[in-house]
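Working notes for the structure below.
The values are calculated or read from the model by the stated rules, or taken from the named source; none is laboratory data. Since the structure is predicted, the reported quantities are computational estimates derived from the model, not experimental observations. With ideal geometry, Cβ positions are generated from the backbone for all residues, glycine too; neighbour counts draw on all protein chains shown.
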């Protein structure tokens, strides 16, 4: 049974592209924030209350993106770690200058230079991170190892020289070689001797010409036993079309269908809550919009951000935080009809698409969700309460494409945050972050 390598390649590139796109949007918001701060200082305008908050770096769009990234691979990148300190410092300085300006005290040239230097530091770090997302030869393999470590198929990632950079647990289970034994060597360590040089020359010729090869191959385990596998190799290319790494997936041919289904599950569903993930949500959202256009229906798009989730995580630990997210997911499912969609968008953010609702029904559903999530949660034998800030946008009134509708729902959600959290708002023209 053939492995669905197209799904594999799509998953790997989707992760990298997703973080790059999110960073670009967050960067745009950060540039607008800097312009706003400078304008406020120059013309003695009333500052935004968010910039004077106790932790102002958590209230801007860039900060929300940064602290919403829950991928350990991204968090471990040096530029990403350094951004936290640079972002905090810049907001702390901006807050001090705004308060100083509000008291009528002059802003010195030194302070302006400090603001400029910290802004340039942020820009340099963001540039480094963008380069890492796009060009780091190991990033895709690290992102993917997280996804595929528990897969039934064996996965190996090599550099352009053919040397193994990473392998998953299934590789060890199938071949008998540990990951440490494999890294730094070529896949030739598995050669059974049943294929001649011509076989491998043809394989690499096809791989070079098309970027992909798959077929049946005989290999040898560490204990000397020979086995047959279905091998799929894909080249990962840079923007210039040059192969920067290769990914090989191999499996027991008889288990192909079972593994393909598991791969689909890993690619499209959140491993913690079982809800559709962002990739599947985007597909289902587009399908819902096409159906709504045909049938003349109205769609409600809801963007939810949990209030107080960070406190639970910090106080009780990540295990309790995970348990809380599972309970939230279960409550959201119970609030919705079978035809509606709820997804975990990332971190403590969820999204909902509800079909064919009237304006009144949208308000009723929004109130239902807010009330359901406000009920107490049992964590570590204690009752804990959190709330939710929920923003709503509507098709076709607020837009016709997924990105704009989600953006409008996100803006409405942030209006709830500003008003004290624990509630919902429906997007209205003129709303801004």
Suppose we filter 363, 355 for residues that are modelled with pLDDT of 95 or more, surrounded by fewer than 19 Cβ atoms within 10 Å (Cβ to Cβ) and more than 25 Å from residue 322 (Cα to Cα); which single one remains? 363
Given (1) surrounded by 15 or more Cβ atoms within 10 Å (Cβ to Cβ); (2) closer than 26 Å to residue 65 by Cα, where does residue 377 come up short, assuming only one miss? (2)
Looking at the stretch 248-286, which of the residues that are in a loop (DSSP other than H, G, I, E, B) and closer than 23 Å to residue 167 by Cα is modelled with the highest pLDDT? 270
Could you figure out which of (1) out of contact with any strand residue (DSSP E or B) (no Cβ under 7 Å at 6 or more places or on another chain); (2) on the phi < 0 side of the Ramachandran plot; (3) at pLDDT 90 or above isn't true of residue 299? (1)
Mind listing just one residue for me: the one in the stretch 362-403 that is free of Cβ contacts under 8 Å to residues at least 12 places away in the same chain and either outside the structural domain of residue 284 (by TED's automatic domain parsing) or assigned to a helix (DSSP H, G or I) (or both) and, of those, nearest to residue 431 (Cα to Cα)? 403
What do you reckon, is residue 14 surrounded by fewer than 19 Cβ atoms within 10 Å (Cβ to Cβ), in a helix (DSSP H, G or I) and modelled with pLDDT under 80? yes
Please indicate, with yes or no, whether at least one residue in the stretch 197-209 is at pLDDT below 85, surrounded by 12 or more Cβ atoms within 10 Å (Cβ to Cβ) and not in a strand (DSSP E or B). no
Which number in (1) touching a residue at least 24 places away in the same chain (Cβ under 8 Å); (2) farther than 18 Å from residue 251 by Cα; (3) loosely packed, with under 12 Cβ neighbours inside 10 Å marks the one condition that residue 216 misses? (2)
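Can you tell me which residue is surrounded by the fewest Cβ atoms within 10 Å (Cβ to Cβ) among those in the stretch 315-324 that are in contact with a helix residue (DSSP H, G or I) (Cβ under 8 Å, 6 or more places away or on another chain) and in contact (Cβ under 8 Å) with a residue 24 or more places away in the chain?
The qualifying residue surrounded by the fewest Cβ atoms within 10 Å (Cβ to Cβ) is 320.
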